[in-house]
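S.K.: First, the structure itself, so that you have it in front of you.
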Amino acid sequence: MNNSLIIAIDFDGTCVEHDYPEVGLEVEGAVETLRELVKRGHKLVLFTIRSGEKLEAAVRWFKERKIELWGVNKNEEQQRWSESPKVYADYYIDDSALGCPVMFIDGVRRPVVNWAKVRSLLEYNRIL
């Protein structure tokens, strides 16, 4: 795909419910939408505060679900034109991002990403 985008994806509260330092339950719609983004040629960068073994657990979550990550907490391409530690991406999907659609799940204290609404936005913007 010539119009591939770099999409930074948070983990806790985005792909899984909040249960840090454990890996929470999968957020409905996350896996299908992320797989579709990769299938369409988009590049996913896991963009999370997790480190060490906790980061390895998050990366393993993606591998177990056969979701290819293009980067983990970095965008290798940007090293050619910037030394900034902030990951450059065309889009960021994060439960803490202002404007990201979220939903509350019974028994879960913090909201998680509403992937049905994210998917609608991606379709509206012709990314999916």
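S.K.: Please work out which residue is farthest from ASP106 (Cα to Cα), limiting yourself to the stretch 39-63 and to residues that are touching a Phe, Trp or Tyr at 6+ places or on another chain (Cβ under 9 Å) and open to solvent by 40 Å² or more (accessible area, probe 1.4 Å).
M.R.: LYS43
S.K.: Right, another one. Kindly list, by first and then second residue, each pair from a residue in the stretch 12-23 that is on the phi < 0 side of the Ramachandran plot to a residue that is surrounded by fewer than 18 Cβ atoms within 10 Å (Cβ to Cβ) and of a type in the set (A, V, I, L, M, F, W, C), limited to pairs with Cβ atoms under 6 Å and residues at least 6 apart or on different chains.
M.R.: Listed pairs, sorted by first residue: GLU17/LEU25; GLU17/VAL108; VAL23/ALA57.
S.K.: In addition: Would you check which residues across the stretch 79-128 are of a type in the set (Lys, Arg), within 17 Å of SER4 (Cα to Cα) and open to solvent by 70 Å² or more (accessible area, probe 1.4 Å) and list them?
M.R.: ARG126 - this is the single residue of the stretch 79-128 that is of a type in the set (Lys, Arg), within 17 Å of SER4 (Cα to Cα) and open to solvent by 70 Å² or more (accessible area, probe 1.4 Å).
S.K.: Does the stretch 115-125 hold any residues that are in contact (Cβ under 8 Å) with a residue 60 or more places away in the chain and either closer than 13 Å to THR14 by Cβ or charged (D, E, K, R) (or both), and which are they?
M.R.: If the condition is that a residue be in contact (Cβ under 8 Å) with a residue 60 or more places away in the chain and either closer than 13 Å to THR14 by Cβ or charged (D, E, K, R) (or both), then TRP115, VAL118, ARG119 are the ones that fit.
The values are calculated or read from the model by the stated rules, or taken from the named source; none is laboratory data. All figures in this text were calculated on a predicted structure; none of them were measured in a lab. Cβ sites come from the backbone with ideal geometry, for glycine too, and all protein chains shown count toward neighbours. To get the accessible areas, we keep the full protein, side chains included, count just its heavy atoms, and leave off ligands, DNA and RNA. Shrake-Rupley method; radii C 1.70, N 1.55, O 1.52, S 1.80 Å.
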